[in-house]
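The values are calculated or read from the model by the stated rules, or taken from the named source; none is laboratory data. Source: prediction; values computed, not measured. Every residue, glycine as well, gets a Cβ built from its backbone with ideal geometry; the counts of neighbours run over all protein chains shown. These area figures cover heavy atoms from the full protein model, side chains too; ligands, DNA and RNA do not enter into them. Shrake-Rupley method; radii C 1.70, N 1.55, O 1.52, S 1.80 Å.
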Amino acid sequence: MKQNSIVVRLDSIDAYNKLYGLETKHPLVTVINLNEATKVVNHVRMDYDVYALFLKNGTNCKIKYGRRPYDYQEGTVVSFSPGHLVDVDMEIDEIAPNVIGLMFHPDLIYKTNLASKIKRYSFFDYSQREAVHLSAAERKTFIECLERIKGEIEHPVDKHTAAIITSHIQLLLDYLTRFYERQFITRSKVNSDILNKFESALKEYLASGQSKEGIPTVNYFAELAHLTPGYFGDMIKKETGITAQEIISRNIVEIAKQRLSESNDDISIIAYELGFQYPQHFSRMFKRVTGISPTQFREKSAI
């Protein structure tokens, strides 16, 4: 019988380790193996103040992120960052999930090279149904990276410890970026369909006059595709070589060109009808895309 979820705030590495009866060997980072857990915790809601990556090897654990449940399949890596609220449920209360992973506190990377790069790893903001599924070789690489980090955690602390640990973490994150890029490629048919629907929805949005309600956003089209903005944006860029925002901007500019060349409407009116609250913002976008201002384009097209 399902119990009510307990809520645990993961504001430290020790908070997680105590939950599962694991030993804390470093206050800011840990390599997790839930096969070694001395406590089994089920129906728990975790409020993350740390970064975490988990590789599932078994099939007895499900997670819920927001209102949506996700199949946490074998060979899947899921990631969390501070601010995530996640429900975890296991199918069998007596068995700890066969999961390994990494957890590190933001303080670990403070004043390191990784601190300035952590936002580049956009998969931390993907939803869990957008998780990466590893091949056998990729799983081996993931585990090897964890072993290196674990070995350094168990090494006596010295002035090199933080730099070496964070460099190993960065290597693991770089590998995950590579694995996601591979997954984008292997899902090219699905991604192509999403791209086509995005372009169709964008054209419909602009043609229907919805722009008067505001400039279309990447978030709007990501929601239509039932994807997070981060995953949607990364997928579109992998497919086209440019960002989703740039595609939106270029389509808006094409309509603006038509209006500028076929009418005498004031530029501020055109800007307003395209969803811009301030004409200067429209002019700035137009010049960025075309290299000239709306006025210069109108003068040029009149010749």
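A compact table of results
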read-out	value
Candidate set: segment 30-64, residues that are assigned to a strand (DSSP E or B), open to solvent by 20 Å² or more (accessible area, probe 1.4 Å) and within 16 Å of residue 147 (Cα to Cα); chosen: the one modelled with the highest pLDDT	31
Close pairs from segment 249-263: first more than 9 Å from residue 286 (Cβ to Cβ) and open to solvent by 10 Å² or more (accessible area, probe 1.4 Å), partner part of a helix (DSSP H, G or I) and among the small types (Gly, Ala, Ser), Cβ under 8 Å, at least 6 apart	261/301
Segment 152-167, subset touching an Asp or Glu at 6+ places or on another chain (Cβ under 9 Å) and within 24 Å of residue 77 (Cα to Cα), residue most open to solvent (accessible area, probe 1.4 Å)	164
Scan of segment 112-128 for residues that are buried (at least 17 other Cβ atoms within 10 Å of the Cβ) and farther than 15 Å from residue 81 by Cβ, ordered by number	112
Residues located in segment 130-151, provided they are buried (at least 17 other Cβ atoms within 10 Å of the Cβ) and modelled with pLDDT under 95	130, 131, 132, 134, 138, 139
Search result, residues across segment 266-283 that are surrounded by 14 or more Cβ atoms within 10 Å (Cβ to Cβ) and either of a type outside the set (Phe, Trp, Tyr) or in a loop (DSSP other than H, G, I, E, B) (or both)	267, 268, 270, 271, 273, 274, 275, 276, 279, 283
Matching entry among 133, 168 (being more than 24 Å from residue 231 (Cβ to Cβ) and not aliphatic (A, V, I, L, M))	168
Count of segment 215-225 residues which are open to solvent by 20 Å² or more (accessible area, probe 1.4 Å) and either in contact with a strand residue (DSSP E or B) (Cβ under 9 Å, 6 or more places away or on another chain) or over 18 Å from residue 238 (Cβ atoms) (or both)	6
Yes/no for residue 100 being at pLDDT below 90, in contact with a helix residue (DSSP H, G or I) (Cβ under 7 Å, 6 or more places away or on another chain) and surrounded by 16 or more Cβ atoms within 10 Å (Cβ to Cβ)	no
Failed criterion for residue 229 (all others in (1) closer than 27 Å to residue 136 by Cβ; (2) open to solvent by 50 Å² or more (accessible area, probe 1.4 Å) hold)	(1)
Options 176, 172, 206; residue that is over 21 Å from the mean Cα position of the chain (by Cα) and open to solvent by less than 50 Å² (accessible area, probe 1.4 Å)	206
Count of residues meeting criterion [in a helix (DSSP H, G or I), among the basic types (Lys, Arg) and either open to solvent by less than 70 Å² (accessible area, probe 1.4 Å) or modelled with pLDDT under 90 (or both)] in segment 183-203	1
Scan of segment 3-29 for residues that are without any contact (Cβ under 8 Å) to a residue 12 or more places away in the chain and open to solvent by 30 Å² or more (accessible area, probe 1.4 Å), ordered by number	18, 23, 24
Candidates 181, 204, 144 - the one that is touching a residue at least 24 places away in the same chain (Cβ under 8 Å), of a type in the set (Asp, Glu) and out of contact with any Leu (no Cβ under 9 Å at 6 or more places or on another chain)	181
Residue 238 loosely packed, with under 14 Cβ neighbours inside 10 Å, assigned to a helix (DSSP H, G or I) and touching a helix residue (DSSP H, G or I) at 6+ places or on another chain (Cβ under 9 Å)	no
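Residues are listed down the side, and each one gets a yes or a no for (1) closer than 19 Å to residue 251 by Cβ; (2) touching an Asp or Glu at 6+ places or on another chain (Cβ under 7 Å); (3) among the β-branched types (Val, Ile, Thr):
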{"position": "189", "(1), (2), (3)": "no, no, no"}
{"position": "204", "(1), (2), (3)": "yes, no, no"}
{"position": "207", "(1), (2), (3)": "yes, no, no"}
{"position": "218", "(1), (2), (3)": "yes, no, yes"}
{"position": "221", "(1), (2), (3)": "yes, no, no"}
{"position": "228", "(1), (2), (3)": "no, yes, yes"}
